[in-house]
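This report concerns only the one structure given below.
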Amino acid sequence: GQNIDQPTEMTATEGAIVQINCTYQTSGFNGLFWYQQHAGEAPTFLSYNVLDGLEEKGRFSSFLSRSKGYSYLLLKELQMKDSASYLCAVRDHMLTFGGGTRLMVKP
Amino acid sequence: EAGVAQSPRYKIIEKRQSVAFWCNPISGHATLYWYQQILGQGPKLLIQFQNNGVVDDSQLPKDRFSAERLKGVDSTLKIQPAKLEDSAVYLCASSAQTSGWGDTQYFGPGTRLTVL
């Protein structure tokens, strides 16, 4: 079976840094994805990790530790438009999503 | 490049009625997925097609849900009859690689279904 856990909600201040954690227990592993989803919109791809380590892409970075079943998404220099849900998803033979973390960025 | 198209965007029906959703994937994408996303939850895969064949439909409630992708391009998802618990957003996604293990999945805007 698949089990993916991430915090339900987080709040952070504009300009700050926030880290969204994701832990997973899956029968197989072929990569971990992070998606951003604004309210009422479709998920959009942010990052993909298949090897251990940090992947950096502008203000967003994602980290993976396969031995620990752990990933995080790091958002730097937060902007109001970053208020959204962030979905962690693990792929084995299919993509399984966590429940999402709703991030609220305050002025 | 055009994205994944879905219609309708919104649908309100009464329980026991039937409803159908349509999806047109990104041009050239071999793999197509239908997801159900209940409010406050992550998307749950219902069915995965590779070209016009079903790769995985293990989470599709087959007593009421059906899907097809006859020509390996666009797809329809049908619910008959609908139940209250089917109220959700139905997302279609596509990916390029024919393996189905695929690279990144790209999502359409979704159809928000409300069952009264």
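The values are calculated or read from the model by the stated rules, or taken from the named source; none is laboratory data. From a predicted model like this one, the values you see are computed outputs, not experimental measurements. FYI the Cβ positions are ideal-geometry reconstructions off the backbone, even for glycines, and counts take in every protein chain you see.
Residue count for segment A:48-65 under the criterion of being surrounded by 14 or more Cβ atoms within 10 Å (Cβ to Cβ), within 16 Å of A:T23 (Cβ to Cβ) and modelled with pLDDT of 95 or more: the result is 3. Among the residues of this structure, B:V73 does not count as one that is within 14 Å of chain A (Cβ to nearest Cβ), among the hydrophobic types (A, V, I, L, M, F, W, C) and either over 15 Å from A:A42 (Cβ atoms) or touching a strand residue (DSSP E or B) at 6+ places or on another chain (Cβ under 9 Å) (or both).
Filtered by the rule that a residue be within 12 Å of chain B (Cβ to nearest Cβ) and within 20 Å of A:H93 (Cβ to Cβ), segment A:44-55 gives A:F45, A:Y48, A:V50. If you check B:A82, B:A67, B:A20, B:A88 for being out of contact with any His (no Cβ under 9 Å at 6 or more places or on another chain), away from every other protein chain (no Cβ under 14 Å) and under 30 Å from A:T8 (Cβ atoms), only one passes: B:A82. For beta carbons closer than 7 Å, sequence separation of 6+ or different chains, a first residue in segment A:1-17 that is surrounded by 11 or more Cβ atoms within 10 Å (Cβ to Cβ) and a second that is acidic (D, E) and modelled with pLDDT of 95 or more, the qualifying pairs are A:G15/A:E77.
One line per residue, one yes/no per condition, for (1) closer than 23 Å to B:A88 by Cβ; (2) in a strand (DSSP E or B):
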site: A:M10; (1), (2): no, yes
site: A:G15; (1), (2): no, no
site: A:Q19; (1), (2): no, yes
site: A:Y24; (1), (2): no, yes
site: A:F33; (1), (2): yes, yes
site: A:A42; (1), (2): yes, no
site: A:L74; (1), (2): no, yes
site: A:L87; (1), (2): yes, yes
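Looking at segment B:1-110, the strands (runs of 3 or more DSSP E) lying wholly inside it that each contain 2 or more residues that are in contact with a Phe, Trp or Tyr (Cβ under 9 Å, 6 or more places away or on another chain) and surrounded by fewer than 16 Cβ atoms within 10 Å (Cβ to Cβ) sit at B:5-7, B:75-79. Considering segment A:89-107, the residues that are part of a strand (DSSP E or B) and more than 9 Å from chain B (Cβ to nearest Cβ) include one that is farthest from the chain's Cα centre (by Cα), namely A:K106.
Only one of the numbered conditions (1) modelled with pLDDT under 95; (2) under 30 Å from B:A5 (Cβ atoms) is not met by A:Y35, and that is (1).
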